[in-house]
Amino acid sequence: MGTLKKKPSPEKKTKSELFRFLGVASTVGINLVISTFIGFALGYYVMDRLFDSSPWFTIILTILGIVAGFKYLFKIASRIGNDNNSEH
């Protein structure tokens, strides 16, 4: 005798999608902050002190950190958009 697998109810599926979305959204927010901080820290504590070029490396690497964070944001947004399009 085989066991029958129950399909998840639409309510459970909706809740799991909500929690998945919240997890992805929090990851994106954390990533934006961390990438910006890493760019700033590398510019200020490493490059500017090493080359005595304050504040230029701090500004450049902070901007690059922000760009990296937004690149990740767009990558995740397009992935979510592709997932939603493939379901319909």
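Applying the criterion of being more than 13 Å from Ala41 (Cβ to Cβ) and small (Gly, Ala, Ser) to the residues of the range 59-71, the residue that is surrounded by the most Cβ atoms within 10 Å (Cβ to Cβ) is Gly69. In the set (1) at pLDDT below 85; (2) in a helix (DSSP H, G or I); (3) loosely packed, with under 12 Cβ neighbours inside 10 Å, the condition left unmet by Leu22 is number (1). Quick check: anything in the range 47-60 in contact with a Ser or Thr (Cβ under 9 Å, 6 or more places away or on another chain) and either over 30 Å from Asn84 (Cβ atoms) or modelled with pLDDT of 95 or more (or both)? Yes. Checking each residue in the range 35-58 for being among the hydrophobic types (A, V, I, L, M, F, W, C) and surrounded by 14 or more Cβ atoms within 10 Å (Cβ to Cβ) picks out Ile38, Phe40, Ala41, Leu42, Met47, Phe57.
The values are calculated or read from the model by the stated rules, or taken from the named source; none is laboratory data. The structure presented is a predicted model; accordingly, all values stated were derived computationally and were not measured. FYI the Cβ positions are ideal-geometry reconstructions off the backbone, even for glycines, and counts take in every protein chain you see.
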